[in-house]
Amino acid sequence: MNALLQAYANAWSEIGAENLASLVNAIEAPDRGTSTKDNVPVAHQSDYHQSVASLSRFGDLQRELLQTGRFLSWMQGTMKMPDSIQGRHAYVELVGPRGMIANENIRFGLYLQQRRVIYPSHWHTAIEDYLVVSGTALWQIDDGDFTSQPPGSHIRHASNQPHATTTLEEPLLAMWFWQGDIRLSTYRIVGVDA
């Protein structure tokens, strides 16, 4: 896990987000051994493997995800979601209150969204950073136009700033990072009652 955390930090550093890289570098993973169970949800396995195989810019991250990524604790979440996204995305919380490594102050991990999926406008109190590592997606912030975000793009959402993501012909694999008020109870999505 420490090698994956280092690759995660290196990717943030490579795009100039040294503040996020230093927060990741401050985390030390306990030695718990390695799982041998493939935890990528069955519906996402093809997209996951395609995303990791096409991950060219961040070589050490690709290497770690090829070796250990499918054994991470991938989840589909328990929150009610609109049909456009329900069951069509998965994430890993590497570090955080529910993470593989417990931390009450920050949350970060990996996010996978299947191709041709609309993740509708949503917001939360956490300040959120995304780093697109594989696949090009369309991103909307506030009520602005959707803009193309290829691998290497860094997207930052301020606290309570509405944002949406749409994938086209390729799945999206991204790193995400929450800081500030990281409570999941502050998450809201358009069209879904809290």
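The values are calculated or read from the model by the stated rules, or taken from the named source; none is laboratory data. Only a predicted model underlies this, so the values are computations on that prediction, with no experimental measurement involved. Note that we place each Cβ from the backbone using ideal geometry, even for glycine, and neighbour counts take in every protein chain shown.
Among the residues in region 39-58, are any without any contact (Cβ under 8 Å) to a residue 40 or more places away in the chain, touching a Gly at 6+ places or on another chain (Cβ under 9 Å) and surrounded by 14 or more Cβ atoms within 10 Å (Cβ to Cβ)?
There is no residue in region 39-58 that is without any contact (Cβ under 8 Å) to a residue 40 or more places away in the chain, touching a Gly at 6+ places or on another chain (Cβ under 9 Å) and surrounded by 14 or more Cβ atoms within 10 Å (Cβ to Cβ).
From the list L61, L66, which residue is at pLDDT below 95 and either more than 16 Å from the chain's Cα centre (by Cα) or part of a helix (DSSP H, G or I) (or both)?
Exactly one of L61, L66 is at pLDDT below 95 and either more than 16 Å from the chain's Cα centre (by Cα) or part of a helix (DSSP H, G or I) (or both), namely L66.
Look through N39, N10 and report the one residue that is in a loop (DSSP other than H, G, I, E, B) and in contact with a Leu (Cβ under 8 Å, 6 or more places away or on another chain).
Only one candidate passes the filter, namely N39.
Give the number of residues within region 149-173 that are crowded, with 17+ Cβ neighbours inside 10 Å and within 10 Å of T136 (Cα to Cα).
9
So, S51, is that one of a type in the set (G, A, S) and under 13 Å from L173 (Cβ atoms) or not?
So S51 passes the test.
Name the residue that is farthest from the chain's Cα centre (by Cα), counting only residues in region 145-191 that are among the charged types (D, E, K, R), assigned to a loop (DSSP other than H, G, I, E, B) and under 28 Å from L66 (Cα atoms).
Out of the qualifying residues, it is E169.
Which of the numbered conditions does S84 fail, given that it passes all the others? Conditions: (1) over 16 Å from the mean Cα position of the chain (by Cα); (2) surrounded by 16 or more Cβ atoms within 10 Å (Cβ to Cβ).
Just one mismatch for S84, condition (2).
For region 131-144, indicate whether the set of residues that are hydrophobic (A, V, I, L, M, F, W, C), surrounded by fewer than 19 Cβ atoms within 10 Å (Cβ to Cβ), under 12 Å from the mean Cα position of the chain (by Cα) and not in a loop (DSSP other than H, G, I, E, B) is non-empty.
No, that holds for no residue.
From the set of residues in region 112-130 that are among the hydroxyl-bearing types (S, T, Y) and surrounded by 20 or more Cβ atoms within 10 Å (Cβ to Cβ), which is nearest to the chain's Cα centre (by Cα)?
If we take residues in region 112-130 being among the hydroxyl-bearing types (S, T, Y) and surrounded by 20 or more Cβ atoms within 10 Å (Cβ to Cβ), then Y130 is nearest to the chain's Cα centre (by Cα).
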